[in-house]
1. Cβ-Cβ distance below 7 Å, separation of 6 or more or different chains: which pairs start in the range 158-181 with a residue that is at pLDDT 70 or above and end on one that is in a helix (DSSP H, G or I) and surrounded by 14 or more Cβ atoms within 10 Å (Cβ to Cβ)?
2. Only residues that are part of a helix (DSSP H, G or I) and acidic (Asp, Glu): list them for the range 265-292, please.
3. Can you run down the residue pairs with Cβ atoms below 7 Å, 6 or more apart or on separate chains, where the first is in the range 267-283 and within 20 Å of ALA301 (Cβ to Cβ) and the partner is among the charged types (D, E, K, R) and not in a helix (DSSP H, G or I)?
4. Just checking, which of VAL75, VAL141, VAL155, VAL148 is among the β-branched types (Val, Ile, Thr) and modelled with pLDDT of 90 or more?
5. Determine whether ILE311 is modelled with pLDDT of 90 or more, closer than 24 Å to ALA283 by Cβ, β-branched (Val, Ile, Thr) and touching a helix residue (DSSP H, G or I) at 6+ places or on another chain (Cβ under 8 Å).
6. Out of all the residues in the range 302-314, is one or more surrounded by 20 or more Cβ atoms within 10 Å (Cβ to Cβ) and either farther than 19 Å from ARG275 by Cβ or touching a Ser or Thr at 6+ places or on another chain (Cβ under 7 Å) (or both)?
7. Working carefully through the options ARG298, ARG274, find the one that is over 24 Å from VAL328 (Cα atoms) and out of contact with any helix residue (DSSP H, G or I) (no Cβ under 7 Å at 6 or more places or on another chain).
8. Considering only residues that are hydroxyl-bearing (Ser, Thr, Tyr) and in a helix (DSSP H, G or I), look in the range 209-252 and name the one that is nearest to ALA283 (Cα to Cα).
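The values are calculated or read from the model by the stated rules, or taken from the named source; none is laboratory data. As the structure is a computational prediction, the values presented were derived from the model and not from experiment. Using ideal geometry, Cβ is built from the backbone for each residue, glycine included, and neighbour counts are taken over all protein chains shown.
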Amino acid sequence: MKPRARPQKRRPSPTRKLRARLHEAEATLDAIRSGEVDAIVVSGPGGEQTRTFEGATHPYHVLLNAMSDGAALLVSDGTILFGNRRLGEIAREPLEGLRGSRFQQLVAATERPSLQKLVREGRNAAREFAMVSREATATPVWIALSAVPLGAYPVGNGAGAGNGDTILMAIITDLTERKRAEATRLELMQRVISAEEDERRRLARELHDETGQSLTTLLVGLRSIADITKLTKARLIAKRLREVAARTVDDVGRLARGLHPAVLDDKGLAAAARRYVNDFAKAMGVVVDLRVERSVQRRLAPLVESTMYRILQEALTNVARHAQARMVGVVLKHENSVLELVIRDDGVGFDPAAALSEASGLGLHGMHERVALLGGSVQIASRRGHGTMIRARIPTGRVGQRASN
């Protein structure tokens, strides 16, 4: 009786082997992406070698994803091994599409050679680039590259990885808001300079047209007195010249107060506001109800006080020129480290959006620019036939106060 032959084990088919390896590779990738592993086993001529980031811990991917900047781990040719969520937002690409792609391809074509050079050199470097998305939207970014050494750990066969191997850590900072703020600041500075030039032109015209003519009248009158023989006639001319001189003194004083009132330096914003409102009410025949709270009596930084004084001037000038108002209410207060000025009138009103779009802007552009330079804000509410309300707020904070003299 022949012994029964043992059943031979069936060799796995090539297809089954391939599927098993594919499943293993997918499981490994999932583990790396989820942060379950922070080391890589590399097979080579010297056997298997385990490489890990020096000082790496399990939750490093959590820290990277919590960053406000973009972050990427790159191999020597710029291939992205890992990218955090912020990088995907800046590049406007899903993270799955970024992994395995070349980091250099994320920037503008004209800047890729420069970035390629930095990556190839593999050393600490930083530069500004333009990151371009598929929609051709360019985002200004600051890219900082740092070399991260890979540690060497012996394995069972005694083999170890070289200590000189490195990867690159790329930190990508979105400069959009910074660029926008810088552009806004430059625009504000240009407008302030332009406003200063307009003010100089206005003063030059007034000095020429009013003060200059008055002084010319005085010179002509004094010359004519020298030729007069009758005392009575000389007295009449002298009386007229005295009136011209008095008017000239008033004009020069008005111009000086318009440039910078001495009372603002000597007694502060509250006293300067009271004097200006009283002069305005008398000159324009408009009833002005001024309320200055006691908190404003404390001196503030000169720039804060002068800025708010200019806002008051500009607002009341607009009332005189355009509002046709009969009554104006002014409130000045300082609380919670914020200086606030509120001006209401019962005039004809206007469309603020339309006024701001015009070149003149009723001086509204100047208000916004002055206050914005100090981190404040201006709110304007108005409708045709329903008057106007202007509220200017300037934070004072640490620099807002100064010691009283």
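1. Hits for this filter: LEU168/VAL119; ALA170/PHE103; ILE172/LEU87; ILE172/ILE90; ASP174/ILE90.
2. Answer for the range 265-292, where residues must be part of a helix (DSSP H, G or I) and acidic (Asp, Glu): ASP265, ASP266, ASP279.
3. GLY268/ARG299
4. After ruling out the rest, the residue left standing is VAL141.
5. yes
6. Yes, some residue in the range 302-314 is surrounded by 20 or more Cβ atoms within 10 Å (Cβ to Cβ) and either farther than 19 Å from ARG275 by Cβ or touching a Ser or Thr at 6+ places or on another chain (Cβ under 7 Å) (or both).
7. ARG298
8. So the residue we want is THR248.
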